[in-house]
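Novice: I have a structure here, written as structure tokens, and I will follow up with some questions on it.
The values are calculated or read from the model by the stated rules, or taken from the named source; none is laboratory data. Quantities reported herein were computed from a predicted structural model and do not represent experimental measurements. Neighbour counts are summed over all protein chains in view; Cβ atoms, including those assigned to glycine, are modelled from backbone coordinates with ideal geometry.
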Protein chains: 4
Amino acid sequence: MTHNVAILGASGYTGAELVRLIATHPSMKIVGLSGNSKAGMAMADVFPHLRHLDLPALTTIEDMDFDGVDLVFCALPHATSQAVIKELPRHLKIVDLSADFRLRDGADYEKWYGKPHAALEMQKEAVYGLTEFYREEIAGARLVAGTGCNAATGQYALRPLIAAGVIDLDDIIIDLLAAVSGAGRSLKENLLHAELSEGAHAYSAGGTHRHLGEFDQEFSKVAGRPVQVQFTPHLIPANRGILATVYVKGEAEEVHRTLAEAYADEPFLIVLPMGQHPSIKHIRASNFCHIGVVKDRIAGRCQIIATLDNLTKGSSGQALQNANLMLGLPETEGLMLAPVFP
Amino acid sequence: MTHNVAILGASGYTGAELVRLIATHPSMKIVGLSGNSKAGMAMADVFPHLRHLDLPALTTIEDMDFDGVDLVFCALPHATSQAVIKELPRHLKIVDLSADFRLRDGADYEKWYGKPHAALEMQKEAVYGLTEFYREEIAGARLVAGTGCNAATGQYALRPLIAAGVIDLDDIIIDLLAAVSGAGRSLKENLLHAELSEGAHAYSAGGTHRHLGEFDQEFSKVAGRPVQVQFTPHLIPANRGILATVYVKGEAEEVHRTLAEAYADEPFLIVLPMGQHPSIKHIRASNFCHIGVVKDRIAGRCQIIATLDNLTKGSSGQALQNANLMLGLPETEGLMLAPVFP
Amino acid sequence: MTHNVAILGASGYTGAELVRLIATHPSMKIVGLSGNSKAGMAMADVFPHLRHLDLPALTTIEDMDFDGVDLVFCALPHATSQAVIKELPRHLKIVDLSADFRLRDGADYEKWYGKPHAALEMQKEAVYGLTEFYREEIAGARLVAGTGCNAATGQYALRPLIAAGVIDLDDIIIDLLAAVSGAGRSLKENLLHAELSEGAHAYSAGGTHRHLGEFDQEFSKVAGRPVQVQFTPHLIPANRGILATVYVKGEAEEVHRTLAEAYADEPFLIVLPMGQHPSIKHIRASNFCHIGVVKDRIAGRCQIIATLDNLTKGSSGQALQNANLMLGLPETEGLMLAPVFP
Amino acid sequence: MTHNVAILGASGYTGAELVRLIATHPSMKIVGLSGNSKAGMAMADVFPHLRHLDLPALTTIEDMDFDGVDLVFCALPHATSQAVIKELPRHLKIVDLSADFRLRDGADYEKWYGKPHAALEMQKEAVYGLTEFYREEIAGARLVAGTGCNAATGQYALRPLIAAGVIDLDDIIIDLLAAVSGAGRSLKENLLHAELSEGAHAYSAGGTHRHLGEFDQEFSKVAGRPVQVQFTPHLIPANRGILATVYVKGEAEEVHRTLAEAYADEPFLIVLPMGQHPSIKHIRASNFCHIGVVKDRIAGRCQIIATLDNLTKGSSGQALQNANLMLGLPETEGLMLAPVFP
């Protein structure tokens, strides 16, 4: 049985990634694409790499016909997203890729995003979209809030360790390398090739990155007490991928065992043998997350290194994984594409 | 029905690309992988991006059991390839990705590859693997010789034009940009990141590139008289992709119409609207080839610009397309993956 | 003796490159910097790589004091440049880096730049800034018009050959690779890292690139009759550098000898030994231009391959070389910096 | 007065960088270049970017004439370096860029480099080459041991803080991004463009990187008691540059003030205003080091972020700075070249 889906905000990178993945998904059909600033254009003109596909033209959201649509992926900017989702017909299942429904507490939203939330009543029904830890709620949800891409990476490295109590909760550092597509297709000087290629620098340093809102919420929930991590993301000259090096105080072997056991049956989360660590290069354009544990020379300390593709497992792949669950399809359907190397 | 396949030379880039593509092919199963210098190793250790797959370990070719194998992909270096293929059991269908069986004339082989061919009798039964132009012969072949990746790109731009007689045969220039994976995984100074990134230069200039052997053979065959083109490849700092800018003397509209008609029913060859031209970025990691035609300001001249991924449509994707035909499967099976962008 | 110079449009890439070069120039001192949209900012905030220098803050052009200034570099966008230069005090020597004074014929300007020229009377006194071919006029000029970066590259490859009559004037193709800084610091989607890295494509194909105005003007002047070349630039994923592969009909040895003799005494134009050809990588961040000649396998045809750094020899380095001449300084002063490799 | 210098191991990246810098140094002349595997070749054939220079051809070390040479830069691999230096004439001043004379304790050398030191007697007279902290000893030294490039970066961030006692000595993490030229011109699979571009991964993780030997030695010396830091370097797809993000426990303002005061008079060490942090892009191809301090959201914690060019300030620029001191020249001579951007 084929499920009809629509993508709102299809002219951005996460929208295009959704189209790429759904193109070979056996049970979904794209029946609507919106992109307000590019309404009226063919997708082949916005994204020539999708030229071989038979896709609907871009429309405005207002002009989109939601009759017969089963599920909507909402790949709009935050703030826009809540305004749009509030008005969508109630028969639709929704996977939101923005930041708008990730934080359960309205005050947290306002703190990190700088203005009050406009659809708090819907936030109540939203399920946090980190599939492996919210699988059952997601399967029954009408609205799923996709996680931040950095937030997903850090959580895959840390959630089982916090739950198991095998690391010091007051000394956790997430140092992270992020490729540029995570910043989207926005016209900013620092995203120009000439500014970024052959460069590297930290951004949102000192505990100011918005994904800390998710870390705080989720880690504190898992720990049953407030947990605050340190987090420094760095922009690197690559297009796709996140690599987090997480510094913790805990026994390396216990840390490794805890992660390996937690993810033993997960199709997309792969824990490497003890001492090995992963590369961004090896998960590119796939829904896999590779996780390694390295013992430090200083006793009682170790590093967890985790990598995933921000556009796939960190965003559109995760969204599709959640949509599969919401539609009663096998969770991995359409998502077993092997990473592209080199 | 599942067909059992083996890959010889699986530790190189084209070998890895074959595994990536076959991983989601519904009718093929990889039952053997060889890599002499890495025999005994798991593929996950040679190519960690394939870690999620259940693959046989690498063996030597000598230790490989070909019973029950239907088809072999041979991704070995040239010269090695002919020696190995000569000894393979006769029940095997073979797709060779090396240069060894591309040139029908032994003297041509010796001229371009510097030594006599050691398996001339097998060269007689080999079919040239440019699928769209040798479809029927490939379907019935036991041995198919995959084309050079540059050779494929230039031929897609030019064969219909030469056949139709719409361009001057004595003034054809193929200027080409090639990404670095086309040179394979070999340890050469000029392939180091520090030597190539932020660089660009011509190589095998002046008519010395070996793929000219294929151009000469095929274009002369199509034209019914000797045709020699000029060909300058350039190495650019990218990992995948070829973009050929072909300068011809002919009417742009007629050139465009000829190509559009020739490829109207081809699933992988896409001719852009007149005046548009393609980008390497838009076919990456896919089996598609995008072709555009641009009218020059000088009357009676135009450029054909064609792009494909050297590892996919230029090599392993082409090989799989041919294998599909040889095994009686739908030609596009496993190959409709959308390009990865950005 | 120190000469005081000012840079108008110092917040762009060519402005920054001028500051970089003048920083170690023994006879020039920067006394004024303008950047209208960033007026009031310190250069260290616009270009942190210049942080170690003691530089004037950015002002508007209106607020700049030209008393005591000997020479102005004008690194403004075209059209803006002519309006500004028209109003500058007459005591100033001016090196313009824009396109505004390159074309001697107002009709040509209008054809290539889409609107009438607003300072035709000044265009009359402007000298075309290709140093090696206009050295004496430049030394005596008040206004020098820097060439286009692609235009410089193509002319270095071709001018002596056209002058000597050793190539066919009706069959010249300039196929060119251009790094992204040539497009400046403008916020365009196609200049984003995610759009360009791992990509390559032609632009302004078919004879529509504006630098053809310069080729037409200069080559026709040298030949003494109209000459039109074909020209296809390609954008490649690198920050600096241009590499032109020029296809001509002529004897390789004669072509090589003609170039070698023409440039024998030039400090910045280096002709490689016959058969060798250059790489963008080897002239980066320098004022050198490397030129090679390759004989084609087809008799009577050859390629000239020339490379230079678009921001240095193609723009700001050329401007400084011209300024040296205009101020009576040694032509190479401050410009002998070795290329940066790797 | 001109000083004659020779470079041993001139066919590697640090050798080439020395030539680049000395090319415009007003008081040094290169009179000898060795490169055993490439002896007999012209530098222009090994490094075409140096083609414009009048340089001696490469010789073997055995064939080099040291009469009239004042100072030798030794850019050989470790282990080779000690064997060569032991045999050099005593009249030579020597700047060694290898790891061979960095560790004062022979046991430390053996621990980190895996074999006994063969010239322990010379190690006694070697001065550690971190210019700003060993200036006087360097000025009087015959043998100076250049620091590791990562080791220099971490020490610039931390030495004044350890000396001043403003941070917790038992909780220091140096997380570092390193460009690929730091690995030299060696033919290793992981240094190929296709393996590294679009990738990023940790290496020598868990406290196994050899530069920890330098950190241990120097930090313990400064602190007057054993200090061990955690250190994770990551390889990023760039050619030049190191960026270290250092996590410490201490008050940000005090940390910033301590660094700003320590480096107030240093020509190459630039401390950014509080809260700003640097980018690799802004020190490229220069001898500058930019250092920023960022306050963490968690009280009492902050990050120091430091960047320098591994080939310049981290290696050949440092070597030249030390050579200037050893020869009685102004310390900054030949080293004030502005960074190359973009």
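Novice: Any idea how many residues of the range C:9-26 are out of contact with any Pro (no Cβ under 9 Å at 6 or more places or on another chain), within 8 Å of chain D (Cβ to nearest Cβ) and more than 15 Å from C:L71 (Cβ to Cβ)?
Specialist: Going through the range C:9-26 one residue at a time, the tally reaches 2.
Novice: Those residues that are in contact with a strand residue (DSSP E or B) (Cβ under 6 Å, 6 or more places away or on another chain) and closer than 19 Å to D:E198 by Cβ, I need them from the range A:151-191; list them, please.
Specialist: Of everything in the range A:151-191, those that are in contact with a strand residue (DSSP E or B) (Cβ under 6 Å, 6 or more places away or on another chain) and closer than 19 Å to D:E198 by Cβ turn out to be A:T153, A:L176, A:L177, A:A178, A:L191.
Novice: Only one of these is in contact with a helix residue (DSSP H, G or I) (Cβ under 6 Å, 6 or more places away or on another chain) and either β-branched (V, I, T) or closer than 30 Å to D:A183 by Cβ (or both): B:G213, B:G199. Name it.
Specialist: It is B:G199.
Novice: Can D:F47 be described as surrounded by 16 or more Cβ atoms within 10 Å (Cβ to Cβ) and out of contact with any strand residue (DSSP E or B) (no Cβ under 9 Å at 6 or more places or on another chain)?
Specialist: Considered against the rule, which asks whether it is surrounded by 16 or more Cβ atoms within 10 Å (Cβ to Cβ) and out of contact with any strand residue (DSSP E or B) (no Cβ under 9 Å at 6 or more places or on another chain), D:F47 comes out as yes.
Novice: Just name the residue that is farthest from the chain's Cα centre (by Cα) out of those in the range A:236-258 that are within 30 Å of C:P237 (Cα to Cα) and more than 14 Å from chain B (Cβ to nearest Cβ).
Specialist: A:T245
Novice: Let me ask you something else. I'm checking my understanding of the structure. Among residues of the range D:2-19 that are of a type in the set (S, T, N, Q) and surrounded by fewer than 24 Cβ atoms within 10 Å (Cβ to Cβ), which one is modelled with the highest pLDDT?
Specialist: Per the criteria, the residue is D:N4.
Novice: If you don't mind, there's one more thing I want to ask. Hey, does the range D:91-111 have a residue that's of a type in the set (D, E), crowded, with 20+ Cβ neighbours inside 10 Å, in contact with a Gly (Cβ under 8 Å, 6 or more places away or on another chain) and free of Cβ contacts under 8 Å to residues at least 60 places away in the same chain?
Specialist: yes
Novice: Regarding A:V340, is this residue buried (at least 24 other Cβ atoms within 10 Å of the Cβ), β-branched (V, I, T) and in a strand (DSSP E or B)?
Specialist: When the stated conditions are applied, A:V340 does not pass them.
Novice: Would the range C:46-59 turn up any residue that is within 25 Å of the chain's Cα centre (by Cα) and more than 14 Å from chain D (Cβ to nearest Cβ)?
Specialist: So far as the range C:46-59 goes, yes, one or more of its residues are within 25 Å of the chain's Cα centre (by Cα) and more than 14 Å from chain D (Cβ to nearest Cβ).
Novice: Separate question: Across the range A:200-232, which residue is nearest to A:N287 (Cα to Cα) among those that are in contact with a Gly (Cβ under 9 Å, 6 or more places away or on another chain) and surrounded by fewer than 20 Cβ atoms within 10 Å (Cβ to Cβ)?
Specialist: My answer is A:R210.
Novice: If I ask for residues that are over 27 Å from C:P226 (Cβ atoms) and either of a type in the set (D, E, K, R) or in contact with an Asp or Glu (Cβ under 6 Å, 6 or more places away or on another chain) (or both), which ones from the range C:86-125 would you list?
Specialist: Across the range C:86-125, the qualifying residues are C:K86, C:E87, C:R90, C:K93.
Novice: Sticking with this one: Out of curiosity, is B:L272 in contact with a helix residue (DSSP H, G or I) (Cβ under 9 Å, 6 or more places away or on another chain), over 17 Å from B:G15 (Cβ atoms) and either among the acidic types (D, E) or away from chain C (no Cβ under 14 Å) (or both)?
Specialist: No, not satisfied.
Novice: Here are some residues: C:G129, C:G140, C:G154. Which one is in the same structural domain as C:Y13 (by TED's automatic domain parsing) and surrounded by 24 or more Cβ atoms within 10 Å (Cβ to Cβ)?
Specialist: C:G129
Novice: Tell me the residue from D:A42, D:A57 that is of a type outside the set (S, T, Y), touching a residue at least 24 places away in the same chain (Cβ under 8 Å), touching a strand residue (DSSP E or B) at 6+ places or on another chain (Cβ under 9 Å) and at negative phi, please.
Specialist: D:A57
Novice: Here's something else I'd like to know. So A:K313 passes all but one of these: (1) within 27 Å of A:I138 (Cβ to Cβ); (2) of a type in the set (K, R); (3) within 12 Å of chain D (Cβ to nearest Cβ). Which condition number does it fail?
Specialist: Going through the list (1) within 27 Å of A:I138 (Cβ to Cβ); (2) of a type in the set (K, R); (3) within 12 Å of chain D (Cβ to nearest Cβ), A:K313 breaks only (3).
Novice: Moving on. State whether the residues of the range A:305-317 include one that is over 24 Å from A:E331 (Cβ atoms) and either modelled with pLDDT of 95 or more or of a type outside the set (D, E) (or both).
Specialist: yes
Novice: Condition first: at positive phi and surrounded by 24 or more Cβ atoms within 10 Å (Cβ to Cβ). Now tell me which residues in the range D:179-199 satisfy that.
Specialist: Passing the criteria: only D:E198.
Novice: Only residues that are farther than 25 Å from B:G300 by Cα and either more than 7 Å from every other protein chain (Cβ to nearest Cβ) or among the charged types (D, E, K, R) (or both): list them for the range C:191-220, please.
Specialist: Across the range C:191-220, the qualifying residues are C:E195, C:E198.
Novice: Oh, and also: So is A:G148 out of contact with any strand residue (DSSP E or B) (no Cβ under 8 Å at 6 or more places or on another chain) and within 14 Å of chain C (Cβ to nearest Cβ) or not?
Specialist: Taking the combined requirement at face value, the residue does not satisfy it.
Novice: Tell me which residues, restricted to the range B:157-190, are within 14 Å of chain D (Cβ to nearest Cβ) and part of a helix (DSSP H, G or I).
Specialist: Once the filter is applied, which keeps residues that are within 14 Å of chain D (Cβ to nearest Cβ) and part of a helix (DSSP H, G or I), the range B:157-190 yields B:V180, B:S181, B:G182, B:A183, B:E189, B:N190.
Novice: B:A264: under 24 Å from B:V294 (Cα atoms) and either within 13 Å of chain C (Cβ to nearest Cβ) or hydrophobic (A, V, I, L, M, F, W, C) (or both), yes or no?
Specialist: So B:A264 passes the test.
Novice: Identify, by number, the condition in (1) closer than 26 Å to B:G199 by Cα; (2) in contact with a Leu (Cβ under 8 Å, 6 or more places away or on another chain) that D:H25 doesn't meet.
Specialist: (1)
Novice: Since A:E121 meets every condition but one in (1) within 21 Å of A:V5 (Cα to Cα); (2) free of Cβ contacts under 8 Å to residues at least 60 places away in the same chain, which condition does it not meet?
Specialist: In the conditions (1) within 21 Å of A:V5 (Cα to Cα); (2) free of Cβ contacts under 8 Å to residues at least 60 places away in the same chain, A:E121 misses (1) alone.
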